[in-house]
Each structure stands twice: as structure tokens, then as C-alpha cells.
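Report on one structure; see the data block that follows.
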Amino acid sequence: MEPGIEKALAITPASSARERTIDITTTGARTGRPRRIEVWFYRVDGQIYLSTTPASRSWYANIVANPDFVFHLKNGVRADLHAVGTPVNDPAQREAVFSSIIADLNQPRNPAGIGQPVEPLEEWMERSPLISVEFPEGDTK
């Protein structure tokens, strides 16, 4: 992977909302049509994840039905990365990832600019989508 892409993916709790913002293009679960939306991504223990505050999301259903999608970097570097998403269903893994995300978003002087406090962990565990993202080696679109 190119150094600029690696740098853009290497966000930390100090990263701004802009640095976390990407677009994804998924394939519609029902329609089979491309769907592009703006989302945030998170990095926990070196792994990239997609998630949101507790709610049902169409992008999640699309990735569950069609795991291949495009991860569009648009801040600092522009790149369209072929990605594969896997739902995270293991309760222990979900708890570890959501605990890290919530701690990140609830930090004092939150650089991401999200209103605080963020919903409790139990809400995220029950109602938030969580996708683990992999980038097949050397495969970009």
C-alpha cells in the first residue's frame, strides 16, 4: 500500500472528524445498484472498522449482503480502495471495539467534534452495526 494511503488509514484518537470521514460505495442489498454515502471509520488495535451510533443503517445491510465495497479516501489523499467487510458478531470483540470507540469519542476536547456524552456501551452493543474492513493485498480500484 502506498505511504499516503497508509498514513490516511492510520488514524488515532487525536484524529479530527475530517480525517475520519470517508465515502463508501456498497452494492444495494435489494436493488443491486451502487450506493455511495459518507461515513466515519475507526481504527482499533490496528484494525479498521465501520460503525455508527446506535441505529439501523442501509450500508450495513448492503455489506452483509455484498461484502465487497469501495472505501473512498478523500482527505489528505484521494484513493478508491477495494475493501471487504465482515460483520463483527462475537460479543467479546464487539465489546472491545465499542469500548475503544466510545472512549475515543468521549475524550475531553474530542477532536472529532461529536456531542458528548456518547451513548452507553450497552446501547452500542445492542443496536450499532460493526463491520471489520480488510483491503485485499495490492487490489485498488
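The values are calculated or read from the model by the stated rules, or taken from the named source; none is laboratory data. The shown structure was predicted, so the numbers you read here are calculated from the model rather than taken from an experiment. As a convention, Cβ positions derive from the backbone with ideal geometry for all residues, glycine included, and neighbour counts pool all protein chains shown.
Please work out which residue is nearest to Ser128 (Cα to Cα), limiting yourself to segment 31-42 and to residues that are loosely packed, with under 12 Cβ neighbours inside 10 Å and in contact with a strand residue (DSSP E or B) (Cβ under 8 Å, 6 or more places away or on another chain). Only one residue fits best here, namely Glu38. Scanning segment 122-141 for residues that are modelled with pLDDT under 95, small (Gly, Ala, Ser) and touching a strand residue (DSSP E or B) at 6+ places or on another chain (Cβ under 7 Å) yields a total of 1.
Considering (1) closer than 15 Å to Val77 by Cβ; (2) out of contact with any Gly (no Cβ under 7 Å at 6 or more places or on another chain); (3) not in a strand (DSSP E or B), the lone condition that Phe41 does not fulfil carries the number (3). Can you confirm whether Ala79 is in contact with a strand residue (DSSP E or B) (Cβ under 7 Å, 6 or more places away or on another chain) and modelled with pLDDT of 85 or more? Spelling it out, Ala79 is indeed in contact with a strand residue (DSSP E or B) (Cβ under 7 Å, 6 or more places away or on another chain) and modelled with pLDDT of 85 or more.
Do we find a residue being polar (S, T, N, Q), more than 20 Å from Val64 (Cβ to Cβ), surrounded by 14 or more Cβ atoms within 10 Å (Cβ to Cβ) and more than 13 Å from the chain's Cα centre (by Cα) anywhere in segment 7-30? There is at least one residue in segment 7-30 that is polar (S, T, N, Q), more than 20 Å from Val64 (Cβ to Cβ), surrounded by 14 or more Cβ atoms within 10 Å (Cβ to Cβ) and more than 13 Å from the chain's Cα centre (by Cα).
Among the conditions (1) part of a loop (DSSP other than H, G, I, E, B); (2) more than 14 Å from the chain's Cα centre (by Cα); (3) not aromatic (Phe, Trp, Tyr), Ala92 misses just one, which is (1).
Criterion first (in a strand (DSSP E or B), at pLDDT 90 or above and surrounded by 15 or more Cβ atoms within 10 Å (Cβ to Cβ)) does Val64 satisfy it?
Details: in a strand (DSSP E or B): no; at pLDDT 90 or above: yes; surrounded by 15 or more Cβ atoms within 10 Å (Cβ to Cβ): yes.
Against the criterion (in a strand (DSSP E or B), at pLDDT 90 or above and surrounded by 15 or more Cβ atoms within 10 Å (Cβ to Cβ)), Val64 does not qualify.
Checked against the criterion of being under 21 Å from Pro136 (Cβ atoms), charged (D, E, K, R) and in contact (Cβ under 8 Å) with a residue 60 or more places away in the chain, the candidates Asp45, Asp80 yield just one match: Asp80. Here is the figure for segment 93-121: residues that are at pLDDT 90 or above and acidic (Asp, Glu) total 1.
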